[in-house]
Amino acid sequence: MIDQDKPLLLSCPVINADNLAQMGAALNAEDVAFLKSLGKMKKFAKDSVFVYSGETIDHLVYLETGLVRMLAVGEDGSEKTYSYFTPGCFIGEAAFFHRQPVLFDLRFLERSTIYLVDGQHLTQILQRPSIVQYLLVSVSLVSRTLAMQIGDAAFRTTEEKVCRTLFCLSGEEYTRFKPFFTHQEIADLAGVHRVTVTNTLAELKKEGIVSVPLRGHIRVLDRDKLRRYFRI
């Protein structure tokens, strides 16, 4: 990891336990066992939806296995991805605390297992400092990710948005996420049209910065050069 870019990489839209650990929060085996003892296990199939925009989340949700996408869906069917959540994370925890209708869908991108912890156990959870810290850091990291996307929309060109997104997703810690590293996913994350992604990738390919196979995910070959295409 490039030290001076650590704040940038911690704004990656893929929320994972490793990033939370870098921010000083981690759940140990005892914490996880405690959450499971309080929660109800539920399994979801690929492409199923846990919550839709306008619904409320009345459980604390711990993701044991799988991959979850947080997204908004427009009236025309267009989609805007906010974040992805990997195993070991809570999902929708801010909504659990504010108890207001959510402004996003939570969709499972692969077979997943979650534990639903009822709000009646909140007092017990708050008595465990490590879990409280994990929740606070998790909410903060998701907020930072969303703030960076707001900055993209307000101040960056479409090309800069694409390059920043590519840079964040190209770290070794996101290897497991790479199968979803497609033109459309980059477009959804960056908030641009797919054709913009295609055109930007074509230019980056000419510079030897990325590899864009006909089949398979995008590969970043030179992260240092890619970093010069945008500002924090």
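So how do 72-84, 128-140, 105-117 stack up, highest first, on mean other-Cβ count within 10 Å? List each step's numbers first, then the result.
Details: 72-84: 14.1, 128-140: 16.5, 105-117: 19.4.
In descending order of packing, they fall as 105-117, 128-140, 72-84.
A simple charge model with +1 on the Cβ of Lys and Arg, -1 on the Cβ of Asp and Glu and nothing else charged puts the dipole of the chain at about 380 debye relative to its Cα centre.
Taking 30 Å as the cut-off for C-alpha to C-alpha distance, list the pairs among Lys36/Lys80; Lys46/Lys205; Lys80/Lys205; Lys161/Lys206; Lys43/Lys205; Lys80/Lys206 that go past it. Where the Cα-Cα span goes over 30 Å, the pairs concerned are Lys36/Lys80; Lys46/Lys205; Lys43/Lys205. Computed over the Cα atoms of segment 1-138, the ratio of the radius of gyration to the Kirkwood radius (Rg/Rh) comes to 0.97.
Normalised by residue count, segment 79-232 yields a Cα convex hull volume of 134 Å³ per residue.
Overall, the accessible surface of segment 1-158 at a probe of 1.4 angstrom is composed of carbon and sulfur to the extent of 55 percent.
3J(HN,Hα) couplings calculated from phi for segment 23-28 with the Karplus curve 6.51 cos²θ - 1.76 cosθ + 1.60 (θ = phi - 60°) are, in sequence order, 9, x, 10, 7, 9, 8 Hz; Gly and Pro show x. Measuring nothing but how far apart in sequence close Cα pairs (under 8 Å, 6+ apart) lie, relative to its length, the chain scores a relative contact order of 23 percent.
Per 10 Å bin, what percent of the C-alpha pairs of segment 127-171 does each bin hold, from zero upward? Going from the shortest bin to the longest, the percentages are 25, 36, 24, 13, 2.
A cut-off of 5 Å between modelled amide H atoms, ignoring neighbours fewer than 5 places along the same chain, links Leu67 with Leu109, Glu110.
Taking a temperature of 20 °C and a viscosity of 1.002 mPa s, what whole-number D in µm²/s does Stokes-Einstein yield for segment 54-117 with Rh from Kirkwood over alpha carbon pairs? Numbers along the way, then the final one.
Values: Rh = 12.2 Å.
So the translational diffusion coefficient is about 176 µm²/s.
Only helices enter the 222 nm calculation for the chain: every DSSP H run of n ≥ 4 contributes -39,500 (n - 2.57), and dividing by all residues gives -12000 deg cm²/dmol, rounded to 500.
If the chain between Leu103 and Ala154 were fully stretched, how many nm would it gain, using 0.36 nm times the residue separation less the Cα-Cα distance? Mind dumping the intermediate values first?
Numbers: separation 51, 0.36 × 51 = 18.36 nm, distance 2.01 nm.
Roughly 16.3 nm would be gained on extension.
Computed with every protein chain present, the accessible area of Lys46 is close to 120 Å² [probe 1.4 Å].
In the chain, the longest principal axis of the Cα atoms and the axis of helix 29-38 are about 60 degrees apart.
Treating r as the C-beta distance of Ala45 and Asp118 and R0 as 25 Å, the FRET efficiency rounds to 0.60.
The values are calculated or read from the model by the stated rules, or taken from the named source; none is laboratory data. The model shown is predicted, which means the values in this text are computed figures rather than measured ones. FYI the Cβ positions are ideal-geometry reconstructions off the backbone, even for glycines, and counts take in every protein chain you see. To get the accessible areas, we keep the full protein, side chains included, count just its heavy atoms, and leave off ligands, DNA and RNA. Shrake-Rupley method; radii C 1.70, N 1.55, O 1.52, S 1.80 Å.
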